[in-house]
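Asker: The structure follows.
The values are calculated or read from the model by the stated rules, or taken from the named source; none is laboratory data. What you see is a predicted model, and the numbers here were worked out from it, not measured in a lab. Cβ placement follows ideal geometry from the backbone for every residue including glycine, while neighbour counts extend to all protein chains displayed. Remember, those area values only see protein heavy atoms, side chains included, never the ligands or the DNA or RNA. Shrake-Rupley method; radii C 1.70, N 1.55, O 1.52, S 1.80 Å.
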Amino acid sequence: MAEANWYVVHTYSGYENKVKANIEKTIENRHLEEQILEVRVPLQDVVEMKNGVQRTVQKKMFPGYVLLNMVMNDDTWYVVRNTRGVTGFVGPGSKPVPLTDAEMYNLGILSNGVTVDFEVGDTVTVIGGVWKDTVGVIQAMNQTKQSVTINVELFGRETPVEINFAEIRRM
């Protein structure tokens with residue numbers, strides 16, 4: 001059996017969840033569970049201020065796009081391509097191009113399983129990148145993106161900065 005890869009499907013804007021539901025229903029009806037493994041609409045948590053109240057909401061990372069982990073063959077291509085709301089696969093012409101592992105790590109879908117010895121509240125030193133030799137306290141950790149948010153002093157005020165796990169060391 002061929003290897004499953006991640007593909008990106010373009011949809012009408014606002015139809016991402018409907019496309020996801022339609023594809024999942026088709027997978028169930030046609031018994032394609034072994035060929036189309038996962039359908040995902042990537043979301044991210046965003047803090048919004050509305051009427052002076054701060055709240056966290058989930059927003060689509062890529063409006064108009066749905067990610068599919070599937071084995072590409074004529075059947076799966078046909079099922080996805082002919083789903084209501086789908087305008088096509090991302091790629092040149094009619095040939096879908098799978099996402100690379102590096103792209104999947106950046107999206108936070110794949111993780112390389114890095115274990116870290118620090119947590120929220122720990123003081124760390126940045127050992128690489130633009131903020132090298134900066135000291136800060138970890139405010140938040142994102143395991144999927146393999147990053148932490150620390151506050152650094154910039155122009156006399158505390159500013160949150162996102163740093164990769166590989167670029168920091170515990171003090």
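Asker: Over the Cα atoms of the chain, what is the Rg over Rh ratio if Rh follows Kirkwood?
Answerer: Rounded to two decimals, Rg/Rh equals 1.08.
Asker: Which residue, F89, F155, F62, tops the fluctuation ranking in a GNM of the chain built on C-alpha contacts under 10 Å?
Answerer: In the Gaussian network model the winner is F155.
Asker: Compute the length gained on full extension between K50 and D117: take 0.36 nm times their separation in residues and subtract their Cα-Cα distance, giving the result in nm to one decimal.
Answerer: Working: separation 67, 0.36 × 67 = 24.12 nm, distance 3.67 nm.
Using 0.36 nm per residue and subtracting the Cα-Cα distance, I get 20.5 nm.
Asker: Also: For a Förster distance of 41 Å, can you work out the FRET efficiency between the beta-carbons of E28 and R169, rounded to the nearest 0.05?
Answerer: Details: r = 48 Å, r/R0 = 1.17.
Efficiency for this residue pair is about 0.30.
Asker: Now for a different question. Highest mean first, what order results for 18-26, 90-98 on Cβ atoms within 10 Å?
Answerer: Details: 18-26: 17.1, 90-98: 12.1.
So the peptides 18-26, 90-98, ranked by packing, come out 18-26, 90-98.
Asker: Could you tell me the center-to-center distance, by alpha carbons, between the range 122-162 and the range 17-34 in angstrom?
Answerer: If we compute the Cα centre of each part, the gap is 41 Å.
Asker: By accessible area of protein heavy atoms, probe 1.4 Å, what ranking do M104, M72, M171 get, highest first?
Answerer: On the way: M104 0, M72 55, M171 135 Å².
In descending accessible area the options line up as M171, M72, M104.
Asker: So how do E48, E158, E33 rank on accessible area, 1.4 Å probe, biggest first, that is with the largest at the start?
Answerer: E158, E33, E48
Asker: Also, I was wondering about something else. Roughly how large, in nm² to one decimal, is the mean projection of the convex hull of the alpha-carbon atoms in the range 82-171?
Answerer: Numbers: hull surface 35.9 nm².
Quarter of the Cα hull surface area: 9.0 nm².
Asker: Once you've got the Cα coordinates, tell me which of K20/K132; K50/K95; K25/K50; K60/K95 are over 32 Å apart. Write out the running numbers ahead of the final one.
Answerer: Numbers: K20/K132 42 Å; K50/K95 44 Å; K25/K50 36 Å; K60/K95 25 Å.
From the list (K20/K132; K50/K95; K25/K50; K60/K95), the Cα-Cα distance tops 32 Å for K20/K132; K50/K95; K25/K50.
Asker: Report the far tail of the P(r) of the range 22-75, meaning the percent of Cα-Cα pairs longer than 14 Å. Intermediate results must be reported in sequence, preceding the final value.
Answerer: Numbers: 924 of 1431 pairs.
Looking at the range 22-75, the distances longer than 14 Å represent 65 percent of pairs.
Asker: Round to the nearest 0.05 the FRET efficiency obtained for K132 and S13 when R0 = 45 Å and r is the Cβ-Cβ distance.
Answerer: Details: r = 40 Å, r/R0 = 0.89.
Efficiency, from the Cβ-Cβ distance: 0.65.
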